[in-house]
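Working notes, beginning with the structure itself.
No lab work stands behind these numbers, since they all come straight from the coordinates. Model, not experiment: these values are computed from the prediction. Neighbour counts are summed over all protein chains in view; Cβ atoms, including those assigned to glycine, are modelled from backbone coordinates with ideal geometry.
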Amino acid sequence: MSQIKNISGRGIPLAGDDIDTDRIIPARYLRCVTFDGLGEHAFKDDRVQTNGQHPFDRPEYQGANVLVVNANFGCGSSREHAPQAIRRWGIEALVGESFAEIFFGNCVAMGVPCVTADAESVETLQGAIAKNPQTAIAVDLEKMEVRCGDLTVSVSMPEGARQSFLNGVWDSCGQLVNQRDAVRETAAKLPYLAWR
């Protein structure tokens, strides 16, 4: 279990409302057995249509790890492949106006914080990153702010998710594995789990 309090690096702006999971990872890539390799297919169709001008293709954003998006990001189908593709491309945190609920939950389960800010602040962040892609950006979950150069933006996140990151309990599967003796002890007391 690992605490996640601060994610720092560089940002990548991705403008547009209602970017759905079909755009994040096209359906033809859902047949994979593992999530390995999904990162290279993130936004594949959008990237083809923009002839190398999509932010995920542009050289100045390579190595960026904080994605700054607009409203209702991750809407559509509930495929876990969407946040997996984004994470495997290299994104460690997202800042946006709002996130689809299931997408947000899948990100939390993977250890990828999604924080929200008002539309004006998000657009200002996107503009600052576009103006200078090398500007350092930091998502601070303790102070609940994003710093980008001289700009500081207040952000929010549901308190339960925030505490799970700060306390290092965001990984529910990892918690079960770490507490396997307690799980076995509890299971042994449950009559409907008794095997005969």
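Below is a table of values for the structure above.
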read-out	value
Output for the range 173-184, where each listed residue is loosely packed, with under 13 Cβ neighbours inside 10 Å and in contact with a helix residue (DSSP H, G or I) (Cβ under 7 Å, 6 or more places away or on another chain)	LEU176
Residue match in the range 133-144 (condition: touching a residue at least 60 places away in the same chain (Cβ under 8 Å), among the hydrophobic types (A, V, I, L, M, F, W, C), surrounded by 20 or more Cβ atoms within 10 Å (Cβ to Cβ) and in a helix (DSSP H, G or I))	no
Qualifying position, being in contact (Cβ under 8 Å) with a residue 12 or more places away in the chain, surrounded by fewer than 22 Cβ atoms within 10 Å (Cβ to Cβ) and not polar (S, T, N, Q), among ALA109, ALA64, ALA82	ALA109
